[in-house]
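Notes follow once the structure below has been shown.
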Amino acid sequence: MWLWHASASLIWVMTGSLFIVKTPTTMPNLYRLQAVGEMLAVGALYVATRDPWLVLSLAILIGVKWFVVPGILTRSSAFARTTYGLSAPWGVSSLLIGDLVLTGLGIAVAHRLFSTDPFTLGVLLASWFIALWHTVARYETWSLSWALLSLDTVSSALILVLAGRPLPPLIDVLMLTITTALAGLLALLSARIFNVKASTDVRDIKELIG
């Protein structure tokens, strides 16, 4: 049980950190730590089921989310390394308060709907709410790139907890393939916006359309 709790707690902390951080250089490490939370969920599931696929799944997960995805965005978004600041409709304090409200909502929903380990489900559900909010609350292309990848990690962990068993190998590999492809597309989009406007503000995407 402690592995599930550690997994959910680490994912929650890193999801919130990815949301409010102001510098793109810290994002890869925060994402890696968030991925460790998902790895702990896979480990907890292996302890419960002893499914050999989970060992290979864990190895693939480490390769993709610890090395490949951060590498793609770091190399392709080098222009943003000197960026500092928060472009959002709200300030940092408002984001923190919103995180706490969504955390309370997630835990309340889990306690109401699920009788098995509501803490893990509640914290992961709260993380999912925060990651979803991240995708619409920040304007920097580099932050939104990590927001979508963060939502992917949280969703994967939440599915594992809700299913209580390993995903079919084909689906597992497909999800990680989509994650890698998404990282590449987001990096290309960020670079394109910067080349056109010398900006990392996603609102400048209108220059690419018209």
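The values are calculated or read from the model by the stated rules, or taken from the named source; none is laboratory data. Everything numeric here is computed off the predicted structure, so don't read it as measured data. All Cβ positions, even for glycine, are placed from backbone atoms using ideal geometry, and neighbour counts span all protein chains on display. Please note that ligands, DNA and RNA were not included when accessible areas were found on the heavy atoms of the full protein model with its side chains. Shrake-Rupley method; radii C 1.70, N 1.55, O 1.52, S 1.80 Å.
Report, in degrees rounded to the nearest 10, the 0 to 90 angle that the Cα long axis of helix 2-20 makes with the longest principal axis of the chain.
The angle comes out near 10 degrees.
Which percent of Cα pairs goes in each bin when the distances of the range 59-170 are cut into 5 angstrom slices starting at zero?
2, 11, 16, 18, 18, 15, 12, 6, 2, 0
Give the shape of the range 134-193 as rounded, prolate or oblate, defined through the alpha-carbon gyration tensor: a ≥ b ≥ c are the square roots of its eigenvalues, a/c under 1.5 means rounded, and otherwise the shape is prolate if a/b is larger than b/c and oblate if not.
oblate
Normalised radius of gyration for the chain, please: alpha carbon Rg relative to 2.2 N^0.38 Å, two decimal places.
Details: Rg = 17.3 Å, N = 210, 2.2 N^0.38 = 16.8 Å.
Dividing the Cα Rg of the chain by 2.2 N^0.38 Å gives 1.03.
Select from LEU113, LEU125, THR15 the residue farthest towards the positive end of the dipole of the range 1-147; place +1 on Cβ of Lys and Arg, -1 on Cβ of Asp and Glu, and compute about the Cα centre.
It is THR15, whose Cα lies furthest towards the positive end.
For n ≥ 4 DSSP H runs only, could you compute -39500 (n - 2.57) per run for the chain, divide by its residues and tell me the 222 nm figure to the nearest 500?
Taken over the chain, the calculation gives -25500 deg cm²/dmol.
Kirkwood hydrodynamic radius for the range 88-146: how many Å is it when counted over pairs of different Cα atoms?
Details: mean 1/r = 0.0826 Å⁻¹.
Taking every pair of different Cα atoms in the range 88-146, averaging 1/r and inverting gives 12.1 Å.
Ignoring ligands, DNA and RNA, how do TRP4, TRP128 rank by accessible area with a 1.4 Å probe, largest first?
TRP128, TRP4
With a 1.4 Å probe and all protein chains kept in place, how do ASP172, ASP51 rank by accessible area, largest first?
ASP51, ASP172
What percent do you get for the relative contact order of the chain when only Cα pairs under 8 Å and 6+ apart count?
Relative contact order here is 27 percent.
How do 13-26, 110-123 rank on mean C-beta neighbours within 10 Å, highest first?
So the order, starting with the most tightly packed, is 13-26, 110-123.
About its Cα centre, what dipole magnitude does the range 1-145 give when the only charges are +1 on Lys and Arg Cβ and -1 on Asp and Glu Cβ, stated in debye to the nearest 20?
Result for the range 1-145 is approximately 280 debye, rounded to the nearest 20.
In a Debye calculation with equal point scatterers on the alpha-carbon sites of the range 1-121 and no solvent, what is log10 I(q)/I(0) at q = 0.13, 0.14, 0.19, 0.21 Å⁻¹?
-0.67, -0.76, -1.11, -1.19
What percent does the relative contact order of the range 91-157 come to when contacts are Cα pairs within less than 8 Å and at least six residues apart? Could the numbers behind the result be given before it?
Values: 54 pairs, mean separation 17.6, N = 67.
Relative contact order, the range 91-157: 26 percent.
Where does each of 135-148, 96-109 land if you order them by average Cβ count within 10 Å, highest first?
Result, highest mean Cβ count within 10 Å first: 135-148, 96-109.
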